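For reference, the structure is listed below as structure tokens.
The values are calculated or read from the model by the stated rules, or taken from the named source; none is laboratory data. Being a predicted model, the structure only gives us computed values, none of them experimental. A quick note on method: Cβ atoms are made from the backbone with ideal geometry, for glycine too, and the neighbour counts reach across all protein chains shown. Just the protein is used for accessible areas: all its heavy atoms, side chains included, with ligands, DNA and RNA removed. Shrake-Rupley method; radii C 1.70, N 1.55, O 1.52, S 1.80 Å.
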Amino acid sequence: MDSQWIKPKADATAPTVVFVHGIMSDGASGWKNKKTGAYWPQLAADELSDAGVYVFSYHSQFFGGRFRVTDASDALWDELKRHNILQSRIVVFVCHSMGGIVTRRLLVQRQGEIAEQGTVIGLFLVASPSAGSRWANFFYPVINLLRHAQAQILKAGEDNQWLTTLGTDFRNLIAQPKPMIRGKELIEERIAYVWFLPWIRPVVSRDEADRYFPHSRVIPRSNHSSIAKPANAQAEQHLLLTEFANELVRISFSTTLELPAGMTFRQAVETFAGLEGCTTQYPGLSQAQLKTAIPQDAEVGGPDIAAVVERMVAVYFGSAAPTFRVTVQDCVITVEGAP
């Protein structure tokens, strides 16, 4: 399966969810539950009504050869640029296994460009071996024999300098104010096939997956494969994803816009529009209304662009505010006056 849109975003500012599969997998089989036929990207597209959903695929088969993590990360960056995905206010990466390493490497390497874009990043890590996997140590002779470049960086332990350095760089990145990065880590409960032998470690254990963000969650009865293949829209991992995406939308608008005394209504709206990369139009408003000045300092905020502008209208026009109509479509803010 090639990289593709499952559903384009509703408008230019709507969130985009990007699925990044794991090692020895692809964008089709990596997310599909064989028993129920549920496909996680489609579940997300159905649940997150305004969000775009994009599935990224990269070369990561059993005989993956010399296609490295850095190659996959660069390919992901090319796709993000090609489809203008970083123009979204919010991008949520859903990353299974190796996909989390691919995406973290991208965020570290491209942090300047992402910060300049002003994109808010959500990182939903699904059984991702952030600290490697002890199973990779066990199978390392075979991995070396196959010269599988991606699997070679999965060794657990401090002697894995590549993964250790990435971990340090990523910790430093999420400590910075920009780009804003929030995350959630899901942990598999048991290994497949021999789950009844509790002393056998999961493919990616808690200490290997729970590394960067608070409130990680173990998904009951999950293994390294099934955790990325929810059976339906009520599956725990899918509910956690939708909650995470919705919360990210809420907190991305948590900052307030300061309106100094004397600022006109038009200046306030266009200042905010500039921050959001939007344009404005004012059908039905008079020049006197556009030049209305605020008498004293104020602050406005809200859960989305329309709500912020509606609160500006309330601050500037008080009891007359209900006569105005605010809409946002394709990042065009329209403030319409009464007929």
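Side notes on the structure shown:
- Global size of region 138-183: 14.4, 43 Å for Rg and Dmax (C-alpha atoms, Rg to one decimal, Dmax whole).
- With 20 Å bins beginning at zero, the pair-distance distribution over Cα atoms of the chain amounts to 29, 49, 19, 3 %.
- Computed on protein heavy atoms with a 1.4 Å probe, the accessible areas place Leu275, Leu197, Leu48 in the order Leu275, Leu197, Leu48, largest first.
- Stretchable slack from Thr164 to Lys35, in nm (0.36 nm times residue separation minus alpha-carbon distance): 42.7 nm
- Computing Rg and the Kirkwood Rh from the Cα coordinates of region 238-296 gives a ratio, Rg/Rh, of 1.17.
- For region 291-339: rounded, prolate or oblate by the Cα gyration tensor [a/c cutoff 1.5]: oblate
- With only Cα atoms counted, region 220-338 has Rg and Dmax values of 19.8, 64 Å.
- By the beta carbon rule, with partners counted only under 4.7 Å, the chain holds these lone Cys residues: Cys95.
- Centre separation in Å (Cα based) which lies between region 239-285 and region 142-195: 36 Å
- Neighbourhood net charge (11 Å Cβ-Cβ; Lys/Arg +1, Asp/Glu -1) for Asp207: +2
- The heavy atoms of Asp159 offer some 110 square angstrom of accessible surface to a 1.4 angstrom probe.
- Short to long, the 5 Å bins of the Cα pair-distance histogram for region 53-181 hold 2, 10, 20, 24, 19, 13, 7, 4, 1 percent of all pairs.
- Projecting the Cα atoms of Val328, Gln267, Trp135 onto the dipole axis of the chain, where Lys and Arg carry +1 and Asp and Glu carry -1 at the beta carbon, places Trp135 farthest toward the positive end.
- Only Cα sites of region 140-271 enter the Debye sum here, all with the same form factor; the resulting log10 I(q)/I(0) across q = 0.09, 0.22 1/Å is -0.45, -1.37, listed in q order.
- Translational diffusion coefficient (Stokes-Einstein; Kirkwood radius from C-alpha pairs) of region 80-150 at 25 °C, 0.890 mPa s, in µm²/s: 176 µm²/s
- Counting only the Cα atoms, region 154-203 fills a convex hull of 110 Å³ per residue.
- Environment charge at Leu290 (Cβ cut-off 15 Å; Lys +1, Arg +1, Asp -1, Glu -1): 0
- Anisotropy class of region 1-59 from Cα gyration tensor, a/c 1.5 cut: oblate
- Sum of -39500 (n - 2.57) over DSSP H runs of 4+, divided by residues of the chain (222 nm, nearest 500): -10000 deg cm²/dmol
- Listed peptides 278-289, 76-87 by packing density, highest first (mean Cβ within 10 Å): 76-87, 278-289
- Carbon/sulfur fraction of accessible area - region 234-339, other protein chains in place, 1.4 Å, %: 51 percent
- Anisotropy class of region 181-240 from Cα gyration tensor, a/c 1.5 cut: oblate
- Average accessible surface for region 198-280: 51 Å² per residue, computed with a 1.4 Å probe over protein heavy atoms with every protein chain in place.
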